[in-house]
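Trainee: Following this message is one structure expressed as structure tokens.
The values are calculated or read from the model by the stated rules, or taken from the named source; none is laboratory data. These figures come from a predicted structure and were not determined experimentally. Please note: Cβ atoms are built from the backbone with ideal geometry, for glycine as well, and neighbour counts cover all protein chains shown. For accessibility, only protein heavy atoms count, side chains too; no ligands or nucleic acids. Shrake-Rupley method; radii C 1.70, N 1.55, O 1.52, S 1.80 Å.
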Amino acid sequence: MNILVLGSGQLARMMSLSATNLDLHVLAYDVASQHIVNPVTGQVHEQTLAQAIAASCAITAEFEHIPADVLELCSRSGKFYPGAEAIATGGDRGKEKALLDNASVHCAPYKLITQKQHFLDAIEQLALPMVVKTCQAGYDGKGQWRVKSLDDVDTIWAEMAEFLAAGSELTPHSIIAEKMIPFDREVSIIGVRDRAGNCKIYPLTENQHTNGVLTLSIAGKEKGAIQAQAEDAFNAIATGLDYVGVLAIEFFDVQGELLVNEIAPRVHNSGHWTQQGCHTSQFENHMRAIAGMPLGSTQLLRPTAMINVLGQSNIPHSVLSISDTTSHWYGKEAKAGRKMGHINVSANSLHGLGEKLGELADILPEESYPGVLATGQQLILN
Ligand code: ATP
Ligand code: MG
């Protein structure tokens with residue numbers, strides 16, 4: 001059976017690698033070149049998008065910013081999961097907030113902005129400092145501003161106005177202002193829902209971001225109450241969207257209360273640890289869900305950490321000398337800050353995981369791999 005993935009980056013590649021064992025064959029649609037490609041080898045297939053859709057048993061996406069005509073074509077096939085509405089919601093922060101409000105799931109207080117007066121009103125209502133984000137097209141902290149004082153208003157508004165003006169009638173642009181949340185930490189929940197509505201949810205992941213980009217995730221630290229809160233939010237959102245496949249939700253933890261930051265209607269970077277930390281990874285479970293197969297276990301096997309490899313031209317082979325460490329390379333051209341690969345490391349206890357992070361910190365320099373040493377030390381102390 002063939003699966004078609006919209007987007008041909010690392011997420012499509014990892015879906016493909018996990019699908020092979022299920023006898024599923026993944027092809028990807030490269031939105032930029034409009035080619036159908038093998039997401040592992042990059043080899044181009046002489047097929048049109050319409051032909052690839054016809055030849056697939058299921059279609060899915062690895063990102064949210066997909067041209068409307070492509071979404072329409074996939075939707076019409078009746079084989080597109082999680083579906084155009086879920087993708088459109090994940091790709092527009094305004095729609096996302098409306099979904100959260102409808103599902104009674106808490107998020108940061110916000111205000112939509114399409115003109116300068118809304119921006120000034122937002123400053124009054126939400127107070128400074130304030131976070132401002134483009135509703136469309138943002139990722140990895142791009143398309144965001146931090147408004148710290150009234151002196152910033154004119155400069156930031158000039159950039160915001162440019163983004164708003166770049167929208168069209170067909171794809172209008174909007175911006176959202178959010179209250180700056182003084183969170184204790186960031187966490188995420190990844191879960192999967194099958195075609196019959198059965199859900200399985202992975203343990204909560206604690207995430208560290210550096211300059212708006214995920215650098216480190218840890219799974220296996222959480223206690224019951226906070227996991228239950230995250231699962232409630234997952235169930236409300238997944239049911240609200242009649243979702244099929246893997247869904248990720250990012251939260252701010254404010255003194256034990258979870259506020260949703262954003263949702264991603266797809267496999268997610270903060271779920272990469274599941275490749276070694278669980279019996280069935282997020283990639284395999286996504287493939288199973290959309291292909292109509294039974295879901296696999298989402299239980300934690302062992303505490304596991306994921307370290308992102310950003311902008312490097314390789315992963316030092318010496319990391320592989322540390323037991324229970326796995327390196328995942330995406331085969332992309334290196335660019336500053338680009339997600340090039342990741343390293344998963346597991347241990348029998350959190351203390352043991354801390355020791356392994358300490359060993360890795362001897363190999364991975366702090367400036368390129370922030371937080372590895374400090375996180376290891378914290379795990380050992382706790
Ligand atoms: P992603 O790579 O997760 O898709 P993104 O570009 O979509 O990132 P967000 O997740 O919305 O952006 O924001 C990036 C980071 O900025 C968050 O992980 C968080 O650290 C910080 N941030 C975002 N919104 C707020 C807020 N309202 N209050 C405080 N910090 C925030
Ligand atoms: Mg985010």
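Trainee: Against the condition in a helix (DSSP H, G or I), of a type in the set (D, E, K, R) and out of contact with any helix residue (DSSP H, G or I) (no Cβ under 6 Å at 6 or more places or on another chain), how does residue 253 come out, does it pass?
Mentor: no
Trainee: For a quick check of your reading of the model, give me the residue pairs whose first member lies in segment 226-252 and is under 19 Å from residue 87 (Cα atoms) and charged (D, E, K, R), whose second is assigned to a helix (DSSP H, G or I) and within 16 Å of ligand 2 (Cβ to nearest atom), with beta-carbon atoms closer than 9 Å and at least 6 apart or on different chains.
Mentor: Every condition considered, the pairs that remain are 250/270.
Trainee: Sort through 128, 112, 120, 150 and tell me the only one that's more than 21 Å from residue 207 (Cβ to Cβ), surrounded by fewer than 17 Cβ atoms within 10 Å (Cβ to Cβ), within 14 Å of ligand 1 (Cβ to nearest atom) and modelled with pLDDT of 95 or more.
Mentor: 128
Trainee: Scan 369, 330 and give me the residue that is over 30 Å from residue 56 (Cβ atoms) and of a type in the set (Phe, Trp, Tyr).
Mentor: Selected residue: 369, the only one of 369, 330 that is over 30 Å from residue 56 (Cβ atoms) and of a type in the set (Phe, Trp, Tyr).
Trainee: Report whether or not residue 200 is open to solvent by 30 Å² or more (accessible area, probe 1.4 Å), away from ligand 1 (no atom under 16 Å from the Cβ) and closer than 21 Å to residue 354 by Cβ.
Mentor: No: the conditions fail for residue 200.
Trainee: Has segment 82-102 got any residue that is without any contact (Cβ under 8 Å) to a residue 40 or more places away in the chain and closer than 30 Å to residue 38 by Cβ?
Mentor: Yes, some residue in segment 82-102 is without any contact (Cβ under 8 Å) to a residue 40 or more places away in the chain and closer than 30 Å to residue 38 by Cβ.
Trainee: Also, I was wondering about something else. Can you tell me which of 187, 192 is in contact with a Lys or Arg (Cβ under 6 Å, 6 or more places away or on another chain) and more than 9 Å from ligand 1 (Cβ to nearest atom)?
Mentor: Among 187, 192, only 192 is in contact with a Lys or Arg (Cβ under 6 Å, 6 or more places away or on another chain) and more than 9 Å from ligand 1 (Cβ to nearest atom).
Trainee: Being open to solvent by 40 Å² or more (accessible area, probe 1.4 Å), in a loop (DSSP other than H, G, I, E, B) and either outside the structural domain of residue 279 (by TED's automatic domain parsing) or within 21 Å of residue 209 (Cα to Cα) (or both) is the filter here; which residues of segment 316-375 pass it?
Mentor: If the condition is that a residue be open to solvent by 40 Å² or more (accessible area, probe 1.4 Å), in a loop (DSSP other than H, G, I, E, B) and either outside the structural domain of residue 279 (by TED's automatic domain parsing) or within 21 Å of residue 209 (Cα to Cα) (or both), then 334, 335, 336, 337, 338, 365, 366, 367 are the ones that fit.
Trainee: Say whether the condition of being within 16 Å of ligand 2 (Cβ to nearest atom), surrounded by fewer than 16 Cβ atoms within 10 Å (Cβ to Cβ) and either at pLDDT 95 or above or within 19 Å of the chain's Cα centre (by Cα) (or both) is met by at least one residue in segment 153-174.
Mentor: The answer is no, given that none of the residues of segment 153-174 is within 16 Å of ligand 2 (Cβ to nearest atom), surrounded by fewer than 16 Cβ atoms within 10 Å (Cβ to Cβ) and either at pLDDT 95 or above or within 19 Å of the chain's Cα centre (by Cα) (or both).
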